[in-house]
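Let me begin by presenting the structure, written as structure tokens, before commenting on it.
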Amino acid sequence: MKFTTLFSVAASASTAFGASLQQVWNFGANPTNIQMYLYKPDRTAANPAIIVALHPCGGTGPQWFSGTRLPQYADQHGFILIYPSTPNQSNCWDVHNTASLTHNGGGDALGIVSMVNYTISTYGANRERVYVMGFSSGGMMTNVMAGSYPEVFEAGAAYSGTAHACFFGAGGATPFSPNQTCAQGLSHTPQQWGNFVRNSYPGYNGRRPRMQIVHGNNDWLVRGQCGHEALKQWSNVLGVAKTREVPNSPQGGWTTHVYGDGTQLQGLFGNYGHEPRVDEQQLLRFFGLI
């Protein structure tokens with residue numbers, strides 16, 4: 001299957017406001033030679049927030065730039081968007097490697113953190129308001145970033161992803177890798193999943209990112225169970241229990257799984273397959289940006 005067909009429309013280089021997506025070079029430590037693209041609106045808020053947006057397998061940062069309406073919301077609300085892009089492993093993120101699954105261990109994860117630090121130092125962005133989101137491989141990497149670098153991200157939203165370290169030991173995390181146990185719904189206890197996160201940064205006792213998990217019940221590539229496993233993981237890490245399910249929320253055909261009061265962890269499951277279903281307003285409300 002050609003996974004880039006999800007984003008076959010050529011990426012727009014700019015928005016109606018005139019700002020354009022720009023590639024950034026020499027942004028810091030980059031052990032896997034990934035690429036950085038940045039969208040800074042013409043008018044940014046004082047001490048602006050940052051969203052890191054991670055593309056799916058077979059995609060690129062510029063393609064994901066046109067894959068959601070986040071640039072238009074950045075124009076309206078003045079936050080900065082970072083679009084990392086990996087040319088490696090069929091354009092899939094290295095969610096299975098020890099390096100990315102270890103705090104300051106290297107891999108794609110360290111390169112992404114370098115992009116965040118560059119943006120903070122260059123544009124005066126707010127270190128306390130850094131967020132990460134992504135679809136498919138990007139959703140998997142969203143959970144990796146939240147687990148390996150909890151001090152960097154205030155919140156994350158993983159679309160059609162898998163739990164942090166789910167692919168560890170698989171040898172690869174592309175749709176063509178022989179071991180697809182993770183993507184087919186690998187199950188662990190909440191404590192076991194939580195230990196994967198804690199072991200990625202031993203001794204860390206600080207704040208953990210708030211998480212939103214979004215998944216399709218009919219996903220054939222990354223099974224819907226993967227979303228439930230990620231919720232088990234973050235429920236354990238964040239110390240919040242599931243309190244209720246709300247049918248037909250946020251709209252018909254969806255169910256919202258609420259943990260605690262819903263501000264730290266929530267899961268959204270809809271009757272669709274493996275496709276990006278990003279509700280930007282819902283995402284930005286969870287992040288606290290609108």
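The values are calculated or read from the model by the stated rules, or taken from the named source; none is laboratory data. Computed from a predicted model, the values in this text were never measured in an experiment. Note: ideal-geometry Cβ built from the backbone for every residue, glycine included; neighbour counts use all protein chains shown. Note: accessible area is taken over every heavy atom of the protein model, side chains too, but ligands, DNA and RNA are not part of it. Shrake-Rupley method; radii C 1.70, N 1.55, O 1.52, S 1.80 Å.
Okay, here's what the table says:
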quantity	calculated
Filter result (under 30 Å from residue 75 (Cα atoms) and at pLDDT 95 or above) within segment 250-271	254, 256, 262, 263, 264, 265, 266, 267, 268, 269, 270
Residue check for residue 156: over 18 Å from residue 48 (Cβ atoms) and part of a strand (DSSP E or B)	yes
Condition broken by residue 66, with the remaining ones in (1) among the polar types (S, T, N, Q); (2) in contact (Cβ under 8 Å) with a residue 60 or more places away in the chain; (3) surrounded by fewer than 19 Cβ atoms within 10 Å (Cβ to Cβ) satisfied	(2)
Conditions (1) open to solvent by 60 Å² or more (accessible area, probe 1.4 Å); (2) charged (D, E, K, R); (3) touching a strand residue (DSSP E or B) at 6+ places or on another chain (Cβ under 7 Å): number failed by residue 210	(1)
Qualifying residue in segment 176-187 (condition: surrounded by fewer than 16 Cβ atoms within 10 Å (Cβ to Cβ) and in a helix (DSSP H, G or I))	no
Neighbours by Cβ (under 9 Å, 6+ apart or cross-chain): first from segment 148-161, open to solvent by 10 Å² or more (accessible area, probe 1.4 Å); second of a type in the set (Asp, Glu)	154/128
Residue ranges of strands (runs of 3 or more DSSP E) in segment 207-269 with at least 3 members under 25 Å from residue 174 (Cβ atoms), within 19 Å of the chain's Cα centre (by Cα) and of a type in the set (A, V, I, L, M, F, W, C)	210-216
Residues satisfying the stated conditions in segment 37-57, i.e. over 11 Å from residue 77 (Cα atoms) and in contact (Cβ under 8 Å) with a residue 60 or more places away in the chain	38, 40, 47, 50, 51, 52, 53, 54, 55, 56, 57
Complete set of residues in segment 262-280 that are of a type in the set (S, T, N, Q) and farther than 26 Å from residue 237 by Cβ	271
